[in-house]
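The values are calculated or read from the model by the stated rules, or taken from the named source; none is laboratory data. Given the structure is predicted, the values throughout are model-derived calculations rather than measurements. Neighbour counts are summed over all protein chains in view; Cβ atoms, including those assigned to glycine, are modelled from backbone coordinates with ideal geometry. Please note that ligands, DNA and RNA were not included when accessible areas were found on the heavy atoms of the full protein model with its side chains. Shrake-Rupley method; radii C 1.70, N 1.55, O 1.52, S 1.80 Å.
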Amino acid sequence: MKILAIESATESASCALTQDGKVVAEFTLQNKQTHSQTLLPMIDAMCAMTGTKPDELDAVAVSRGPGSFTGLRIGAATGKGIALPFETKMASVPTLYGMAFAIGPAADRLIVPLIDARRQHVYAAGYSAGKDGALTEELAECVISAQDLAARLQEAGKPVLLTGDGVKVVLPALEAAGIDVRVCPPALSYARAAGVALAAEQMAREGKLISSDEMAPEYLRLSQAERKRREAGNPAGKEA
């Protein structure tokens, strides 16, 4: 199975090509250029270097969120644009799930991918990894404070492995709560398209591929503009 994957939920812009579980190519940029500038040129270059044509793809996988609102919209639009002309199936991969897949088996630790959600909160989820590499969700994806996450992980009662740019937000609270914590090295601690592609293979085996028309980002929280409207007591965003 040949999968083209796109990751644009964070500052990283990443694309990958996998075939039958093997990472054939992966391009990642973290130079703070906008994803609209980088994604398509990266995908074009990767496909040219690997001799891959769009009509050869079995699936296009996109990191669906949570994460940057703008980044998620760019990733979804890019993936839909590649899949639609050939009616290629798509995988709508939860961003945190893809981050966990990029880590792989973690020696009986709960894999906890984290994205900084600002305002001292993170997007978080928790997964255990089986010997076959399949992941089981033990903490559903959520927006959560450091203190509440520490409480949830204490209840889980397992040592944890943290990854992602949200580690800095929660690590002091988790250590203060006495949780057995390890942190992935920087080379592994960011959202990668290879993880999205490998997660998509698992989703394909489970019959979870969708059409390009069904592909849409999932944000988990309101945008900043929507929050400001609600805080101002004007949920519809209308002028008085």
Only Lys, Arg, Asp and Glu count, each charged at its Cβ (+1, +1, -1, -1), so figure out the dipole size of the stretch 99-188 about its Cα centre, rounded to 20 debye. 180 debye
Most mobile of ALA150, ALA194, ALA45 in a GNM of the chain (Cα contacts under 10 Å): ALA45
Over 23 Å (Cα to Cα) - which of LYS2/LYS208; LYS158/LYS208; LYS32/LYS208; LYS131/LYS168 fall in this group: LYS158/LYS208; LYS32/LYS208; LYS131/LYS168
Given springs between every Cα pair under 10 Å in a Gaussian network model of the chain, which of LYS208, LYS80, LYS131 has the largest fluctuation? LYS131
Can you compute the charge dipole magnitude of the stretch 73-131 about its Cα centre, using +1 on each Lys and Arg Cβ and -1 on each Asp and Glu Cβ, nothing else charged? Give it in debye, rounded to the nearest 20. 120 debye
Given a 10 angstrom Cα cut-off, can you work out which residue in ALA48, ALA106, ALA216 is the most mobile in a GNM of the chain? ALA48
Find how many whole Å separate the alpha carbon centroid of the stretch 74-152 from the alpha carbon centroid of the stretch 17-66. 18 Å
For the stretch 108-166, what % of the accessible area comes from carbon and sulfur atoms, probe 1.4 Å? 43 percent
Each residue of the stretch 16-21 in order: what ³J(HN,Hα) in whole Hz does its phi give by Karplus 6.51 cos²θ - 1.76 cosθ + 1.60, θ = phi - 60°, with x for Gly and Pro? 8, 10, 10, 9, 6, x
Along the charge dipole of the stretch 16-64, pointing to its positive end and built from +1/-1 on Cβ of Lys, Arg, Asp and Glu, which listed residue (MET46, GLN33, ALA61) has its Cα farthest out? GLN33
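Under a point-charge model restricted to the Cβ atoms of Lys and Arg (+1) and Asp and Glu (-1), what is the dipole moment magnitude of the chain relative to its Cα centre, in debye to the nearest 20? Mind dumping the intermediate values first?
Working: 25 positive and 28 negative charges, 117 e Å.
The calculation lands at about 560 debye.
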